[in-house]
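Written below as structure tokens is the structure these notes are about.
Quick note: the coordinates plus some simple rules give every number you see, no bench work behind them. Model, not experiment: these values are computed from the prediction. Counting neighbours? That spans all protein chains shown, and the Cβs are built from the backbone with ideal geometry, glycine included.
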There are 2 protein chains.
Amino acid sequence: MAVSYSHCLQSLRVTPRTRLFVSNVDCWRDNRIMKSYSPVSASSKKPHQDLSLEAKVETLLDSVKWDDKGLAVAIAQNVDTGAVLMQGFVNRDALATTISSQKATFYSRSRSKLWTKGETSLNFINIHDIFLDCDRDSIIYLGKPDGPTCHTGSETCYYSSVFDLLKNPQGEENNNLALTALYSLESTISQRKAEVASPQNGKPSWTKRLLLDDKLLCSKIREEADELCRTHEENEDKSRTASEMADVLYHTMVLLSLKDVKMEEVLQVLRHRFSQSGIEEKKSRATQG
Amino acid sequence: MAVSYSHCLQSLRVTPRTRLFVSNVDCWRDNRIMKSYSPVSASSKKPHQDLSLEAKVETLLDSVKWDDKGLAVAIAQNVDTGAVLMQGFVNRDALATTISSQKATFYSRSRSKLWTKGETSLNFINIHDIFLDCDRDSIIYLGKPDGPTCHTGSETCYYSSVFDLLKNPQGEENNNLALTALYSLESTISQRKAEVASPQNGKPSWTKRLLLDDKLLCSKIREEADELCRTHEENEDKSRTASEMADVLYHTMVLLSLKDVKMEEVLQVLRHRFSQSGIEEKKSRATQG
């Protein structure tokens, strides 16, 4: 262990992406920003600071409640969408490697060795933060995947619904990703868009009307934004605000679908803004200017 | 196993919430709707149909790749926000119980028995769907928690950031939930709101200006919605659409914060709409009427 971990810290000293001493918010910073972020710049560190870092990492690794095989569960989650990408196991080396390389790394129980997700496919999971659970035996790798995570080419490894399988055990394709509310809606809108484009375009729907009528869609978006504001201006009940915000989200997501923009891209924009100069300062300057 | 699993199926026959034969979209249906959903109504089932269901569940349980201790990893995820709530292990009985009871159930390795999350705290995790991964040895419980999941009272069990711990190992409180982009933004806005309310209200920010000026906030929301529409009407690049949508999201989320509405509540509204009569039909009727 000592040798490989030493190697990890070595790479930690030379990589420009290192940001061990960066706060949560700073963890959003992208590669370009990392390079100019002096507190974590390798060259500025004194040797004794590195030793101190090494000691801190060792203490942290000691605090993990490794099981009788020296393993803990690691769950990789998409930092923008929240999708659970995959789950594997880590040993001490794997976690140390992930901390230093910032690429999600696991311990393969079948091959008895470390493996970094993406080492073959190049679909790395780039780590933004790592979380330990209350019992210190379960870990979240919060990261941004370079491409599909599953070896099947699927975006995540979770695409078999138990209830679908029970309904149709012989189903040729029971391929439905585990989607949370926002992405389930995005998927539904995307299906309607595909139906609109096909000759047999299924039953009529409001989404399809919006997809086919730009004027209607844009007038609805402006109208729903206005209604959302009025729930505040006219001091309406908060349930009205939630309902109008749902309308805003739905209609704007139809527009996103028309423009082939994924909600994930929008969230990435927000994440970058809040970590770079900050939307707040930028906007503040613009308004004051 | 046979006895307890038999018991599970027994409960599956009598509970009105059972919806084993419901599609993914139908899985969003709430309790009230379940009761009137005839294809899964217990009373309408013939005995041979139950046997067939029992066989299907057995086949499904056989397909899971249980480890040498008869366990698989189970990850509980919030169906609305995507937050990873907790992670435990399941054996065959625990998964069977979750399928029939629709309450996230695990196998406690320390106590060598089943436990249903919430059996003591009443903070159950109500299952909406269950997913198996490509290797069939890892499971997602996609559900809605009744309250905080962690025994500490935290919303999720993942609140210790490795990078925070390395930065400040002796930190009294390194309590930052593992938040994805949307909820990280929500948390930042919420912090600004708290600062606005305190006597020492920190440094100036655009968010604070918006929080203090209703007129400015509402005019910005209407303006950003208009700008989003114009990216479509004027056939602008899709990166412009993503950027304007980010503006819409940010400004509307400041309004949500003022009204004490969580994004989770908005997503719950959307989820219920798309599963009940469907926003599409409802809106379609309203427009045609």
Fraction of antiparallel bridges per DSSP, the stretch B:56-145 only, in percent to nearest 5 = 75 percent
Output field shielding_mean for A:104-113 (other chain Cβ, 10 Å radius) holds 0
Within 10 Å of each Cβ of A:228-237, how many other protein chain Cβ atoms are there on average?
-> 4
Given +1 on the Cβ of Lys and Arg, -1 on the Cβ of Asp and Glu, and no further charges, what dipole in debye does the stretch A:56-145 carry about its Cα centre, rounded to the nearest 20?
-> 320 debye
Provide, in order from the shortest bin, the percent of all Cα-Cα pairs of the stretch B:195-247 in each 10 Å bin, continuing until the bin that contains the maximum pair distance.
-> 23, 35, 26, 13, 3
Sorting from shortest, the nanometre distances separating the label point of B:SER110 (7 Å past Cα along the line to Cβ) from those of the same residue in the other copies are 3.2
Shielding by partners for A:216-226, please: the mean number of other protein chain Cβ atoms within 10 Å of each residue's Cβ.
-> 4
Which order do peptides B:231-240, A:224-233 fall in by mean Cβ count within 10 Å, highest first?
-> A:224-233, B:231-240
Calculated label separations, A:GLU234, copies of the chain, 7 Å along the beta-carbon direction, nm | 3.1
Measure up A:LYS65/B:LYS65; A:LYS117/B:LYS208; A:LYS103/B:LYS259; A:LYS259/B:LYS56 against 31 Å on the Cα-Cα distance and list the ones that go over.
-> A:LYS117/B:LYS208; A:LYS103/B:LYS259; A:LYS259/B:LYS56
Inter-copy distances for B:ARG222, label 7 Å out on the Cα-Cβ vector, sorted ascending, nm, one decimal, are 1.1
So what's the Cα pair-distance distribution over the stretch B:56-145, bin width 10 Å, in %?
-> 18, 55, 25, 2
Of the residues A:THR97, A:LEU142, A:SER121, the Cα lying farthest along the dipole of the stretch A:56-145 towards its positive end, which is defined by charges on the beta carbon of Lys, Arg, Asp and Glu, belongs to A:SER121
